[in-house]
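First up is the structure itself, then whatever we jot down about it.
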């Protein structure tokens, strides 16, 4: 089973204000389930995980569940919620009661916009424990300087499944390999931490990146996490600022290099299916 473990859908003018930043004009428009399905079919991808898109609004969840309910390929939804909210448990229960809410497989918050030690806060950790107790994974969208706190929280909450988005957003265009490797290694040492090989082309130079720019980061991720804790994601349509769905996917597959069939299968779908507990 081939799974795209990370993509988004959004409608223009519905609260995704970050899309107004200069340079994001190619993706500051509506992306529909039909557009996604066309990309998946062309790439031979059978299932996908739809991830919140930075709107940071509980009302977005109903829209995403609606997309999942109407789109057979969308096997799971990672919705937004504030881990520090006192009513978090009620929010999760309300999500599951919505039409399509049975597709809820994870929660994400925009941690990358918070301070360096946000994940060390007691109220945040309490909320992450609630998310784990609800049987959901928590997606970590973090900066490189936040990776140490991500490692600390993963070690402190061993029963919670943490999924690192975009390999922690290494600063590829700035040549930040050594800094990234030192920061990600403690997180990779936590058996409850998983990672997505995704979003790398937008951390490289959007216009001049090559597979060779990505290869060291992917190889190190395979070494540190192992295929059983890695999954492949497109980060479509964000990736469009640097390349089309097919081109980006081909580059990531190339960067993986030669792997035994079982290890490649894990990264291409088995890990995502297991970690997100996607329905059969």
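Annotations for the structure displayed:
- Centre-to-centre, using Cα atoms only, the stretch 235-249 and the stretch 139-174 are separated by 22 Å.
- Each Cα pair of the stretch 78-218 feeds into the Kirkwood radius, which the Stokes-Einstein equation turns, at 20 °C and 1.002 mPa s, into a diffusion coefficient of 136 µm²/s.
- Pairs of alpha carbons in the stretch 10-64 whose separation is greater than 13 Å (percent): 66 percent
- One way to sum up the overall shape of the stretch 3-275 is the equivalent ellipsoid from its Cα gyration tensor, whose semi-axes run 25, 23, 18 Å, largest first.
- Ordering of 20-28, 182-190, 61-69 by packing is 61-69, 182-190, 20-28, highest average first (other Cβ atoms within 10 Å, averaged per residue).
- Over the stretch 201-253 - Rg/Rh using Cα atoms and the Kirkwood inverse-distance radius: 0.97
- With a Förster radius of 22 Å applied to the C-beta separation of residue 32 and residue 261, the computed FRET efficiency comes to 0.05.
- GNM result for the chain, Cα springs below 10 Å: residue of 230, 98, 128 fluctuating most strongly: 98
We did not get these values from a lab; they are worked out from the coordinates using the rules stated. In this text, all values refer to a predicted model and were calculated from it rather than measured experimentally. Here the Cβ is made from the backbone with ideal geometry for all residues, glycine too, and neighbour counts use every protein chain on show.
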